[in-house]
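Participant: Take a look at the following structure, please.
Read the figures in this text as sums done on the coordinates, not as results from a lab. Just so we're clear, the structure is a prediction, and the values are computed from it rather than from any experiment. Ideal geometry is used to build each Cβ from the backbone, glycine not excepted, and the neighbour counts take in all protein chains shown.
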Amino acid sequence: MYKVLYRKYRPRFFADVVGQPQVTVTLQNELMRGRIAHAYLFTGSRGTGKTTCAKILARAVNCLHPKDGDPCGECEVCKGLEEGSILDVVEIDAASNNGVDNIRGLIEESNFTPTTAKYRVYIIDEVHMLSASAFNALLKTLEEPPAHVIFILATTEVHKLLPTILSRCQRFDFHRIDPQAMAGRVMQVAELEGAQCDEDAALLIARIADGALRDALSLLDQCLGRDKHVTEAVVNATAGVAAQGYLTALAQAVADGDAAAALETLDGLHRESKDMTRLCEEMAEYFRSLMLFKTMRDPGKLLTLPPTQLDALEHQAYGMSLSTILHGLDTLEETLHKMRYANQRTQLEMAFVRLCSPELDTSTAALLRRIEKLEMGAPPHPVRLEEEPSPQPAVQEPEPSLPESAPVFEQAPAPSPPPQKAPPKKPSPKSPAPPVDIEALSASAQRFRQWPEILQVIRGSTKSVAMAFDESSAYVNGDYLLIQAPEFAFELLKKPEQRKRMREAVFQVTGQAYKLGPYRTPTAKEEEADPLDELLQRAESAGIPTEVQE
Ligand SMILES: Nc1ncnc2c1ncn2[C@@H]1O[C@H](COP(=O)(O)OP(=O)(O)OP(=O)(O)O)[C@@H](O)[C@H]1O
Ligand SMILES: [Mg+2]
Ligand SMILES: [Zn+2]
């Protein structure tokens with residue numbers, strides 16, 4: 001007979017339980033020291049190992065030869081308990097046996113000593129379902145249980161338990177299982193089944209299961225029914241999940257304000273009988289990912305997605321404003337709520353129409369988005385990005401002309417133009433800008449907190465630049481943005497198009513057009529001052545050519 005995977009692979013030892021060391025290691029240590037409580041409470045979300053650990057604990061306390069706090073799995077008691085021939089471990093589902101009579105029966109029975117095992121263990125699952133009188137009956141026994149009795153209560157809803165129950169139990173909280181750990185277990189189970197599950201696919205399964213290993217194994221089971229090699233596509237098809245492509249398309253429609261495109265995509269998904277609530281959840285999750293990309297330096301840590309999807313997200317986040325993303329999140333969360341009472345498809349369509357046309361939406365999130373759009377359209381600052389002169393830096397007076405040996409942003413004709421050496425062939429109406437005292441600016445500059453966000457934006461377009469600036473920091477003084485980074489990072493910025501990207505990224509994040517320059521402290525400069533540079537400079541001011549022609 002076929003046994004579903006999650007039952008077949010229920011861990012038999014604490015050592016095999018995934019991702020709950022706060023429970024398993026603690027219990028093992030206590031058991032090794034012979035410290036056994038008479039009432040345990042296992043709480044936490046569904047499918048995370050509560051019942052599993054209760055069963056292991058019930059065997060561990062009774063095992064004749066326990067190893068490191070784990071049951072041996074081989075002695076007659078372990079075997080008898082696993083096979084069900086020893087009846088001293090009793091499992092009660094409080095959901096279906098919630099009356100006071102059930103509990104009274106149990107309590108009477110508990111007065112008898114166990115037949116074979118050392119302890120009679122009662123596992124009461126879903127204990128929050130007990131009726132009030134059943135609770136009261138249980139309470140008395142919990143207070144003074146017979147020496148040979150252990151209670152293990154399990155529940156997903158600990159807030160429904162009376163404080164009097166809580167205070168009598170040793171409590172263990174089960175956490176949602178970390179996606180990486182869960183993916184590992186999924187791949188392992190697939191292998192034990194003689195099948196294969198790709199890492200991408202396992203991570204996707206973990207993400208859908210949202211912390212519950214039982215759900216993950218169920219989904220794996222279904223996938224294996226379809227194909228012995230589980231790929232991302234198989235998972236997508238099996239779970240009826242909208243492939244990320246749809247999510248990207250829908251988010252793009254929002255970014256472009258293209259309601260028609262959004263409605264068409266929704267229609268296609270509806271025809272393929274996608275569940276609209278699930279789609280809305282996924283879309284909300286997708287916007288959350290975009291938000292993380294927009295605000296964090298390394299969102300990959302929080303997002304368990306295959307690299308290809310991370311790249312796609314990053315790219316999309318680059319082109320969207322944070323307020324648009326927040327508007328998306330807000331609206332979708334609200335829609336999820338409304339979907340419970342109204343036509344799901346219509347609700348989702350309305351959500352997208354509103355997201356594509358924020359002017360139709362009166363929510364605060366929509367208003368913020370509109371304000372931001374206005375601000376972006378007409379920057380409050382005199383310098384507009386579009387007006388920035390491209391490769392020819394000569395007329396661009398605001399960019400700091402840099403002191404000797406400082407890394408240069410501009411492709412300056414000479415490394416250190418003395419004031420009288422005006423840029424050739426470009427008669428400017430204004431006199432050349434006075435050199436900016438970078439050190440003075442740096443000395444009174446403030447740390448620039450949005451820098452990681454800017455790097456994040458850059459990462460969306462040019463990885464090489466972003467990597468070069470990995471360890472950088474930035475400071476702000478007036479309308480100067482001063483960057484502290486290794487020399488080679490500045491080298492990259494010498495390219496006009498990279499410089500432009502950097503400025504655009506700064507503008508995108510701050511809404512301001514800053515002038516860029518290097519951050520310099522006096523000491524830093526001294527260290528780097530090269531006597532050779534000085535010589536070259538003197539030669540130059542004397543009119544001696546210093547460039548070596550090859
Ligand atoms: N931490 C875990 N490590 C390994 N497998 C696990 C873990 N959690 C759950 N599983 C798998 O999921 C199945 C169900 O787990 P279990 O019954 O212990 O969950 P639960 O926390 O009691 O859930 P519920 O609250 O729904 O009763 C197990 O048989 C096992 O295959
Ligand atoms: Mg359970
Ligand atoms: Zn044993």
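Participant: Which whole-percent values make up P(r) of the stretch 1-151 when all C-alpha to C-alpha distances are grouped in 10 Å steps starting at zero?
Facilitator: 11, 39, 37, 13, 0
Participant: I've got another one for you. Using a 10 Å cut-off on Cβ atoms, rank the peptides 281-288, 357-364, 260-267, 314-321 from the highest mean neighbour count down.
Facilitator: Numbers: 281-288: 21.4, 357-364: 14.4, 260-267: 16.8, 314-321: 19.2.
Top to bottom by mean Cβ count within 10 Å: 281-288, 314-321, 260-267, 357-364.
Participant: Which shape class, rounded, prolate or oblate, goes with the stretch 66-181 when its Cα gyration tensor gives a ≥ b ≥ c as root eigenvalues, a/c under 1.5 marks rounded, and past that a/b bigger than b/c marks prolate? Display every interim value, and only then the final one.
Facilitator: Details: a/c = 1.87, a/b = 1.15, b/c = 1.63.
Note, shape of the stretch 66-181 comes out oblate.
Participant: With 10 angstrom as the radius, rank HIS175, HIS159, HIS327 by how many other C-beta atoms surround their C-beta, starting from the fewest. Could the numbers behind the result be given before it?
Facilitator: Working: HIS175 15, HIS159 7, HIS327 26.
Arranged by neighbour count, lowest to highest, HIS175, HIS159, HIS327 become HIS159, HIS175, HIS327.
Participant: Same structure, new question: Going by the alpha-carbon gyration tensor, a ≥ b ≥ c the square roots of its eigenvalues, is the stretch 244-377 rounded (a/c under 1.5) or, if a/c is not under 1.5, prolate (a/b greater than b/c) versus oblate? Mind dumping the intermediate values first?
Facilitator: On the way: a/c = 1.64, a/b = 1.11, b/c = 1.47.
Note, shape of the stretch 244-377 comes out oblate.
Participant: On to the next question. Arrange the following residues from fewest to most other Cβ atoms within 10 Å of their Cβ: VAL25, VAL149. Please report the intermediate quantities before stating the final value.
Facilitator: Numbers: VAL25 14, VAL149 21.
Going from least to most buried by this count: VAL25, VAL149.
Participant: Compute the separation of the alpha-carbon centres of the stretch 264-323 and the stretch 462-513 and state it in Å as a whole number.
Facilitator: Cα centroid to Cα centroid, the span is 27 Å.
Participant: Take ARG297, ARG12, ARG340 and order them by how many other Cβ atoms sit within 10 Å, fewest up front.
Facilitator: ARG340, ARG297, ARG12
Participant: Further, regarding this structure: How high is the FRET efficiency from ASP101 to GLU30, r the C-beta distance, R0 35 Å, rounded to 0.05?
Facilitator: Details: r = 34 Å, r/R0 = 0.97.
Computed FRET efficiency for ASP101 and GLU30: 0.55.
Participant: Let me ask something else about it. Sort largest first and round to whole Å: the equivalent ellipsoid semi-axes of the stretch 179-239, each the square root of five times a Cα gyration tensor eigenvalue. Walk me through the numbers before you get to the answer.
Facilitator: Values: eigenvalues 42, 29, 19 Å².
In descending order, the three semi-axes are 14, 12, 10 Å.
Participant: Add +1 for every Lys or Arg and -1 for every Asp or Glu among the other residues with Cβ under 10 Å from the Cβ of GLY47, and state the total.
Facilitator: Numbers: positive: ARG46, LYS50, ARG176, ARG214; negative: ASP210, ASP215.
Spelling it out: positives minus negatives among the neighbours equals +2.
Participant: Moving on. If we count every other residue with Cβ under 9 angstrom of THR324's Cβ, Lys/Arg +1 and Asp/Glu -1, where does the sum land?
Facilitator: The answer is +1.
Participant: Could you compute the net charge surrounding ARG459? Neighbours are other residues with a C-beta less than 13 Å from the C-beta of ARG459; K and R count +1, D and E count -1.
Facilitator: Working: positive: LYS294, ARG297, LYS463, ARG501; negative: ASP298, ASP311, GLU314, GLU453, ASP470.
Its environment carries a net charge of -1.
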